[in-house]
1. Relative to the present Cα-Cα distance, how much length would full extension add between Lys100 and Ala173 at 0.36 nm per residue of separation?
2. Could you tell me which trypsin sites (Lys or Arg not before Pro) in the range 139-220 are loop residues by DSSP with no more than 10 other beta carbons within 10 angstrom of their beta carbon?
3. Label 7 Å along Cα→Cβ of Ala151; the range 55-88 residues with amide nitrogen under 14 Å?
4. Quote the FRET efficiency, to the nearest 0.05, computed for Asp108 versus Val161 with a Förster distance R0 of 22 Å and r equal to the Cβ-Cβ distance.
5. If I take R0 = 25 Å and measure r between the Cβ atoms of Arg125 and Gln203 in this structure, what FRET efficiency does the formula 1/(1 + (r/R0)^6) give, to the nearest 0.05?
6. Highest first, please rank the peptides 103-110, 120-127 by the mean number of other Cβ atoms sitting within 10 Å of their residues.
7. Pull out the extension gain between His217 and Asn88, defined as 0.36 nm times the separation in residues minus the alpha carbon to alpha carbon distance; nm, one decimal.
8. Order 166-179, 42-55 from most to least packed using the mean count of other Cβ atoms within 10 Å.
Amino acid sequence: MHFPRLRALLLASVLLLAATAALWAHPHMSLDSRLEFEMKGGECLGIRVEWLFDPMFSASIIGENDLNHDGRFDKAENERVRKGAFANLANYGYFIFLRKGDKRVCPDRVEAFEASQRDGRLVYRFRVPLEGKGYSGDFSVAVFDSTFYCAVRYPADPASVRPVEGTEPRPGAIVEVAANKKYPVFYNPSGAASDFRVYDKWQKGLETAYPEEVRLHFAE
């Protein structure tokens, strides 16, 4: 496979990565992640996620999928990006780690995927549905690639809170990026390329990471 084609499939096909400690330890691409919490009172009904990718990865995906080179993705091109460069992330929990107390889970699905272009950069937007799952009060979200192939950064304004239309927000919402030194994420630096497991407990051979988290809580 030619390198430009391989590069265009990086995010879509983590299966192609060589399972060596050296490769897994060094990110080869990056994204800036921003979150919007959809609130009904003090309950979070969903999280809108936006990813802005680095110029090199952006050029690859745009070049492969903006077939008419008009600087946007039409409906068919958006579906092409979704299938070819996003859907496979279901095997990795979409890089989303939700934590309430000491329990951490990844979403089993996301919705409303949209790819776009911003000043030559690739942007993904999608929604994590949380209706009825009890995310209220104090909880945290980490956007983290446990394969260490993709480095995730948070901008200066990492998240915002938006009340659902027709509802009143609970006052005192606080959103902050918090260093996590207590609740680890486990990963396998030498696992097989077909190993899609997201580990919630330490096992022999696993390494430990403490990704930064975006924490939503309320003032007393």
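Derivation of every value follows stated rules applied to the coordinates shown; laboratory data play no part. No experiment lies behind these values; they were computed from the predicted model shown. Quick reminder, even Gly has a Cβ in these numbers, built from the backbone with ideal geometry, and neighbours come from all protein chains shown.
1. Gain on stretching Lys100 to Ala173: 24.7 nm.
2. Numbers: sites: Arg153, Lys181, Lys182, Arg197, Lys201, Lys204, Arg215; in loops: Lys181, Lys182, Arg197, Lys201, Lys204.
Here the trypsin sites (Lys or Arg not before Pro) that fit, given the DSSP loop and packing criteria, are Lys181, Lys182, Lys201, Lys204.
3. 55-57
4. 0.35
5. Values: r = 35 Å, r/R0 = 1.39.
E(calc), rounded to 0.05, equals 0.10.
6. Order by mean packing, descending: 120-127, 103-110.
7. Numbers: separation 129, 0.36 × 129 = 46.44 nm, distance 3.16 nm.
Length difference between fully extended and current span is 43.3 nm.
8. 42-55, 166-179
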